[in-house]
Amino acid sequence: MPRRIVFRSKRSGKMYFNAENVSSNMGLKEIMEIVFTNAESYKEIATLLMDWIKTRSDQENRGKNRWVTAEELSDYINERLRARRRSAAYAVIKNYLVPLGMLEYRPSESKYVLSRDFSGALKRLADAYAKWAS
């Protein structure tokens, strides 16, 4: 006899979510809840940085491709997160936001751009899973 399936709110691992709770109308905080399931500090930092980049870019009327310079981001991190959490902020950017495709770093222009690669990767993952399952 199979074991009973018990739904828990959180589970260990890199990513965990209940598929029924995923919606196309989720905000940034809900998205980060899925991406950073167990890392509360990283979740908070990622949400703060992504939201600030979007807000700053909109304030400066930088167009559809929202971006900030590396210097602006560095100044914000130093001002907002202070020395204690500065290294964690750079770890979140380097190890999560850029590889996941949420942020793109353009070294030639020295700027960070909000990227759409994350959504494209999730669509490809969904297609690959659907193909495998059928």
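The values are calculated or read from the model by the stated rules, or taken from the named source; none is laboratory data. The structure displayed is predicted, hence computed values, not measured ones. Note that each Cβ is placed from the backbone with ideal geometry, even for glycine, and that neighbours are counted across all protein chains shown.
Listed values, structure above:
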quantity	calculated
Some residue of segment 88-96 being touching a strand residue (DSSP E or B) at 6+ places or on another chain (Cβ under 8 Å) and either modelled with pLDDT of 95 or more or under 21 Å from K29 (Cβ atoms) (or both)	yes
Residue list for segment 78-123, filter: assigned to a helix (DSSP H, G or I) and among the polar types (S, T, N, Q)	N78, S87, N95, S119
Test: K54 is over 18 Å from I31 (Cα atoms) and surrounded by fewer than 16 Cβ atoms within 10 Å (Cβ to Cβ)	no
Y105 touching a Phe, Trp or Tyr at 6+ places or on another chain (Cβ under 6 Å) and surrounded by 15 or more Cβ atoms within 10 Å (Cβ to Cβ)	yes
Meets criteria (farther than 17 Å from P99 by Cα, exposed (fewer than 10 other Cβ atoms within 10 Å of the Cβ) and either over 18 Å from the mean Cα position of the chain (by Cα) or modelled with pLDDT of 85 or more (or both)) for S41	no
Residue count for segment 60-83, restricted to those that are in contact (Cβ under 8 Å) with a residue 40 or more places away in the chain and surrounded by 13 or more Cβ atoms within 10 Å (Cβ to Cβ)	5
Complete set of residues in segment 111-134 that are in contact with a strand residue (DSSP E or B) (Cβ under 8 Å, 6 or more places away or on another chain) and either over 26 Å from E44 (Cβ atoms) or among the aromatic types (F, W, Y) (or both)	Y112
Unique match (being in a loop (DSSP other than H, G, I, E, B) and hydrophobic (A, V, I, L, M, F, W, C)) among M26, M32	M26
Scan of segment 110-120 for residues that are free of Cβ contacts under 8 Å to residues at least 24 places away in the same chain and within 16 Å of K64 (Cβ to Cβ), ordered by number	S115, R116, D117, S119
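Residues are listed down the side, and each one gets a yes or a no for (1) at pLDDT 90 or above; (2) not β-branched (V, I, T):
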position: M1; (1), (2): no, yes
position: S12; (1), (2): no, yes
position: M26; (1), (2): yes, yes
position: I45; (1), (2): yes, no
position: R56; (1), (2): yes, yes
